[in-house]
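Read the structure below first, then the notes.
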Amino acid sequence: MKDRFFYPIAALIIGAMIYFALSLSVVSAPVDENIYELSGETLSQLFPSPGTTVQLANDPGGAVAYAVMGAHADRAGVEPSAGVFGTLGSVHEASFAGHPIRITIRARAGQFDPAGAMEAGYFTAGSGDSPWTSFTLTSDFSDHSFIFTPGEITQKGGTDFVGIWPDKSGKGGTIDVMSIRVEKIIEPVLRGVSRAE
């Protein structure tokens, strides 16, 4: 190939390689190790276990407003699971282990076939799970919280989950969840004990 063709083509290829490499090096926002939150678009990270469902509802502008969750099975009648759950990464697992955390779910009874109550829990990989905590729901969004202290990490690479069983009766009722927040707190609580607030 003649030089007058080779060098321009080589320059284009090298330029494309540099652009591609730079595009991969975009710095992501730092993770706050003391707070885990799902709201808006991040509600898409929720996953339904067998017996439960989840879908996203948008506001008039097209943005995700809340998640619509349902349960067509009684929690006691299916394989043990975390219901509709969010998965916490290793950063939050390490930060929360051995410390009291507050789990807050902003929710209301669904707009269609509203469920009167939901249950929520926090689950770990071998470090102890919270009991399921029941909350009564109304037609308005409000915060429902409980406190739990996970045990120390017992195995590397484990995962924590925050879960919701949408309809305590398992009769197909729905709830709307605007946000799920887990935050480390400093007030002392008994290890392994959960309480509603």
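The figures follow:
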read-out	value
Selection from the stretch 27-76 of residues that are open to solvent by less than 70 Å² (accessible area, probe 1.4 Å) and assigned to a helix (DSSP H, G or I)	Gly40, Thr42, Leu43
Unmet criterion (only one of (1) in contact with a Phe, Trp or Tyr (Cβ under 7 Å, 6 or more places away or on another chain); (2) of a type in the set (Ser, Thr, Tyr); (3) within 12 Å of Trp165 (Cβ to Cβ)) for Ser81	(1)
Residues satisfying the stated conditions in the stretch 132-160, i.e. open to solvent by 60 Å² or more (accessible area, probe 1.4 Å), assigned to a strand (DSSP E or B) and either closer than 22 Å to Leu88 by Cβ or aromatic (Phe, Trp, Tyr) (or both)	Asp143
Residue count, the stretch 171-197 (criterion: at pLDDT 85 or above, part of a loop (DSSP other than H, G, I, E, B) and in contact with a strand residue (DSSP E or B) (Cβ under 7 Å, 6 or more places away or on another chain))	3
In the stretch 101-125, the residues that are more than 17 Å from Phe85 (Cα to Cα) and in a loop (DSSP other than H, G, I, E, B)	Gly110, Gln111, Phe112, Asp113, Ala115, Gly116
Long-range neighbours under 8 Å by Cβ, at least six apart or interchain, first residue under 12 Å from Arg102 (Cβ atoms) within the stretch 163-187, second of a type in the set (Gly, Ala, Ser) and at pLDDT below 95	Lys184/Ser95
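The values are calculated or read from the model by the stated rules, or taken from the named source; none is laboratory data. Small disclaimer: the values here were computed from a predicted structure and weren't measured. Every residue, glycine as well, gets a Cβ built from its backbone with ideal geometry; the counts of neighbours run over all protein chains shown. Heads up: the accessible areas ignore ligands, DNA and RNA and are worked out on the full protein's heavy atoms, side chains in. Shrake-Rupley method; radii C 1.70, N 1.55, O 1.52, S 1.80 Å.
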